[in-house]
1. Expressed as a rounded percentage, what relative contact order does the range 18-92 have, with Cα pairs under 8 Å and six or more residues apart?
2. Take the Cβ-Cβ distance between LEU14 and LEU64 as r, set R0 to 22 Å, and report the resulting FRET efficiency rounded to the nearest 0.05.
3. Just add up the charged neighbours of ASP12: K/R +1, D/E -1, any other residue whose Cβ is under 13 Å from the Cβ of ASP12.
4. Can you work out the FRET efficiency for the pair HIS50 and PHE74, with r the C-beta to C-beta distance and R0 = 30 Å, to the nearest 0.05?
5. Rounded to a whole number, what is D in µm²/s for the range 8-89 from Stokes-Einstein with the Kirkwood radius over alpha-carbon pairs (4 °C, 1.567 mPa s)?
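Bear in mind these aren't lab numbers, they're just calculated from the coordinates by the rules spelled out. Model, not experiment: these values are computed from the prediction. Note: ideal-geometry Cβ built from the backbone for every residue, glycine included; neighbour counts use all protein chains shown.
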Amino acid sequence: MSLVKKKDWYLDYLLIIVGTGLMALAINSVFDATGLVTGGFSGIAILVKHWTGEIIDGGVPLWLTNITLNIPLFFLGWRIKGFSFVKKALVGEISLSTWLAISRCGILREMISFWLLYTVV
């Protein structure tokens, strides 16, 4: 009998989805709301949104810029290393972009703002 249990494959993907949800919450509620910029493509997405705010109402959405900037990197990684190398990162990017889009809409946005304010008080 083995004492070390092998981790289930779906647990990795579940943790990626939960983690990217928390990242999207932080990006939308803290960084974007206060005008701070995080590193990487998410930070570039915040800058693009700010710079295009007068041209497009509200600027280019964070999720759109984030996924657009990552597409060439995924094709490059796929070409060089193969799909098995890219698949978890692809799940993470699609999940992050989805969470960024969802966390900026309607009732969910109000709930997030309320709970963040509640934790401060």
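1. The value is 18 percent.
2. It comes out at approximately 0.30.
3. For residues surrounding ASP12, the net value is +3.
4. 0.70
5. The Stokes-Einstein estimate is 91 µm²/s.
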